[in-house]
Structures are given as structure tokens and as C-alpha cells.
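Visitor: I have a structure I would like to understand better, so I am pasting it below and will then ask my questions one at a time.
The values are calculated or read from the model by the stated rules, or taken from the named source; none is laboratory data. These figures come from a predicted structure and were not determined experimentally. Methodologically, a virtual Cβ is constructed for each residue, glycine included, from the backbone with ideal geometry; neighbour enumeration extends over all protein chains shown. Surface areas here come from the heavy atoms of the whole protein model, side chains and all, with no ligands, DNA or RNA. Shrake-Rupley method; radii C 1.70, N 1.55, O 1.52, S 1.80 Å.
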Amino acid sequence: VCLDKTGTITKGVMEVEDVVVLNNNYNYIDILSAISRVFALDNPTMDAIREKYETKKGKKIDCTKILAFSSENKYSKIETKNENYYLGAPEFILKEDISSKYTKDYRVILLAKEKSNKKTPIALILIQDKIRKEAKKTLEYFKEQGVDIKIISGDNPVTVSQIAKRVGLDNYDKYIDL
């Protein structure tokens, strides 16, 4: 049986699991709180950040321009008079990979600040799909019946593989990336 990951195994809802602080000179909670109030409800990743940080009291960001997340850029950007803030894929913002340690288990989002054309990484936000409560039990039942399960997803294959591992699927590490 081929199953779609989102809606079948996961709820299609993301949640912030952890934050890795890269620069203690900035209060990432204040910045994420301000950013979450700027962007519209537009994608599961931003919804997870908003859920965790929107109600926190933080500084207000006076935006001069907003660039919403796109699959082409792989980041969101807020421009202000003196600085810019980025939220998105680390390798697209910094042009280097600083997150590979975490990408096996999480969707990794970089928060960075840009001033005078210099980008400073502030924090890595580690996000995971919420697993449906009944998913593991249902998949165990299929296994007991001799049904082979394949998961189909447009997400990163390593991330999907780890979700399959979390719900106890055999051969979770035998993925194909098309």
C-alpha cells in the first residue's frame, strides 16, 4: 500500500521542537515574535513559529519591505531601514551548510540578521511534523497482515525516512529520491 505522509502519518501540522542558539548577542525569541506578527498565515512552517512565539512580548519590527517565502528563494525576508531579517533554508541564506547535524531529524530553519551586507546567523529553529496519534497502531496492524507500506512525499527524503522510523516502519532507511 502506498500512503501519502501528510494527513495519513502526520497531521500536516508542524511544531517547533527546539532552537539552537548560534549567536547570544541577539534575543531570538523577540525577533521570532516580531516576525511571526508580520507574516500572514501562509505555510505550516510559519504557523509553527507563530504558534510558539507570536504571543511572546517582543520588539516591533518596522518593515519597509516583506518578501514572503517562495520555493525559488527558500526563505522569507523582512527589510527595515537599518537591517534585514531572514528566515529559511540555511544553505540558501548563508550559501553554506551549517545545519546538516540536525537535518536528519528535523526541518531546519535559520534565523539570520543582515546589516551592511553582512549576514549573521542567530539561531536554528528545529521543526517536526506532528505524528497522528493512531498512525503507529494502524501501521503495526498492516504489518501484522503482511502488507508492505510505501510512503510517498514531496518532502526531503531523509526527513520522511526519519518520520517512517518514528512510527516503526521497516526499511525506513531504504528511500528513493525522485
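Visitor: With closer than 19 Å to residue 29 by Cβ, of a type outside the set (D, E, K, R) and surrounded by 15 or more Cβ atoms within 10 Å (Cβ to Cβ) as the only criterion, which of 75, 86 stands out? Write out each step before concluding.
Guide: Values: 75 fails: closer than 19 Å to residue 29 by Cβ.
Residue meeting the stated conditions: 86.
Visitor: Looking at the stretch 94-117, which of the residues that are basic (Lys, Arg) and part of a loop (DSSP other than H, G, I, E, B) is least open to solvent (accessible area, probe 1.4 Å)? Quick ask: steps written out before the conclusion?
Guide: Step one: of the stretch 94-117, the residues basic (Lys, Arg) are 95, 101, 104, 107, 113, 115.
If we keep only those that are part of a loop (DSSP other than H, G, I, E, B) as well, we get 95, 101, 104.
Details: 95: 157, 101: 160, 104: 105 Å².
It comes out as 104.
Visitor: Next question. Filter the stretch 13-45 down to the residues that are hydrophobic (A, V, I, L, M, F, W, C), assigned to a helix (DSSP H, G or I) and at pLDDT 85 or above, then identify the one that is nearest to residue 107 (Cα to Cα). Don't jump to the end; show me each part of the working.
Guide: Start the filter on the stretch 13-45 by keeping residues that are hydrophobic (A, V, I, L, M, F, W, C), which leaves 13-14, 16, 19-22, 29, 31-32, 34-35, 38-41.
Next cut, assigned to a helix (DSSP H, G or I) only: 29, 31-32, 34-35, 38.
Those left that are additionally at pLDDT 85 or above: 29, 31-32.
Numbers: 29: 19, 31: 19, 32: 17 Å.
Once the filter is applied, the top-ranked residue is 32.
Visitor: Go over the candidates 165, 143 one by one and state the one that is under 21 Å from residue 13 (Cα atoms) and either open to solvent by 50 Å² or more (accessible area, probe 1.4 Å) or not β-branched (Val, Ile, Thr) (or both). Steps first, please.
Guide: On the way: 143 fails: under 21 Å from residue 13 (Cα atoms).
165 is the lone residue from the list that is under 21 Å from residue 13 (Cα atoms) and either open to solvent by 50 Å² or more (accessible area, probe 1.4 Å) or not β-branched (Val, Ile, Thr) (or both).
Visitor: Something else: Residues in the stretch 55-65: is at least one in contact with a Cys (Cβ under 6 Å, 6 or more places away or on another chain), of a type in the set (D, E, K, R) and either part of a strand (DSSP E or B) or surrounded by 13 or more Cβ atoms within 10 Å (Cβ to Cβ) (or both)?
Guide: Looking only at the stretch 55-65, we keep the residues that are in contact with a Cys (Cβ under 6 Å, 6 or more places away or on another chain), and these are none.
The answer is no, given that none of the residues of the stretch 55-65 is in contact with a Cys (Cβ under 6 Å, 6 or more places away or on another chain), of a type in the set (D, E, K, R) and either part of a strand (DSSP E or B) or surrounded by 13 or more Cβ atoms within 10 Å (Cβ to Cβ) (or both).
Visitor: Then there is this: Just checking, does the stretch 118-134 include any residue being small (Gly, Ala, Ser) and outside any helix (DSSP H, G or I)?
Guide: To start, the set of residues in the stretch 118-134 that are small (Gly, Ala, Ser) comprises 123.
Subsequent filtering for residues that are outside any helix (DSSP H, G or I) retains 123.
Yes: one or more hits.
Visitor: Residue 20 passes all but one of (1) open to solvent by less than 20 Å² (accessible area, probe 1.4 Å); (2) under 25 Å from residue 131 (Cα atoms); (3) in contact with a strand residue (DSSP E or B) (Cβ under 6 Å, 6 or more places away or on another chain); which number fails?
Guide: Only one criterion in (1) open to solvent by less than 20 Å² (accessible area, probe 1.4 Å); (2) under 25 Å from residue 131 (Cα atoms); (3) in contact with a strand residue (DSSP E or B) (Cβ under 6 Å, 6 or more places away or on another chain) is unmet by residue 20, namely (1).
Visitor: With the structure loaded, tell me whether residue 133 is free of Cβ contacts under 8 Å to residues at least 12 places away in the same chain, open to solvent by 80 Å² or more (accessible area, probe 1.4 Å) and not hydroxyl-bearing (Ser, Thr, Tyr) or whether it fails that test.
Guide: In short, yes.
Visitor: Can I ask one more? For residues that are open to solvent by 40 Å² or more (accessible area, probe 1.4 Å) and among the polar types (S, T, N, Q), tally how many sit in the stretch 146-162. Can you show your working first?
Guide: First pass over the stretch 146-162, keeping only residues open to solvent by 40 Å² or more (accessible area, probe 1.4 Å): 146-148, 150-156, 158.
From the residues that got through so far, the ones that are among the polar types (S, T, N, Q) too are 153, 156.
So the answer is 2.
Visitor: Which of the numbered conditions does residue 71 fail, given that it passes all the others? Conditions: (1) without any contact (Cβ under 8 Å) to a residue 40 or more places away in the chain; (2) under 12 Å from the mean Cα position of the chain (by Cα); (3) in a loop (DSSP other than H, G, I, E, B).
Guide: (2)
Visitor: It is to be established whether one or more residues within the stretch 162-169 are aliphatic (A, V, I, L, M), assigned to a loop (DSSP other than H, G, I, E, B), at negative phi and free of Cβ contacts under 8 Å to residues at least 60 places away in the same chain.
Guide: Within the stretch 162-169, the subset aliphatic (A, V, I, L, M) is 163-164, 167, 169.
Retained after the next criterion (residues that are assigned to a loop (DSSP other than H, G, I, E, B)): 167, 169.
Okay, now just the ones that are also at negative phi, so 167, 169.
Now narrow it down to the ones that are free of Cβ contacts under 8 Å to residues at least 60 places away in the same chain: 169.
Yes, the conditions are met somewhere in the stretch 162-169.
Visitor: Hey, can you tell me all the residues within the stretch 1-12 that are part of a strand (DSSP E or B) and open to solvent by 40 Å² or more (accessible area, probe 1.4 Å)?
Guide: Of all residues in the stretch 1-12, those part of a strand (DSSP E or B) come to 2-4, 6, 10-12.
Scanning the stretch 1-12 gives 2, 4, 6, 11.
Visitor: Among the numbered criteria (1) open to solvent by 70 Å² or more (accessible area, probe 1.4 Å); (2) assigned to a loop (DSSP other than H, G, I, E, B), which one does residue 91 miss?
Guide: So the condition that residue 91 fails would be (2).
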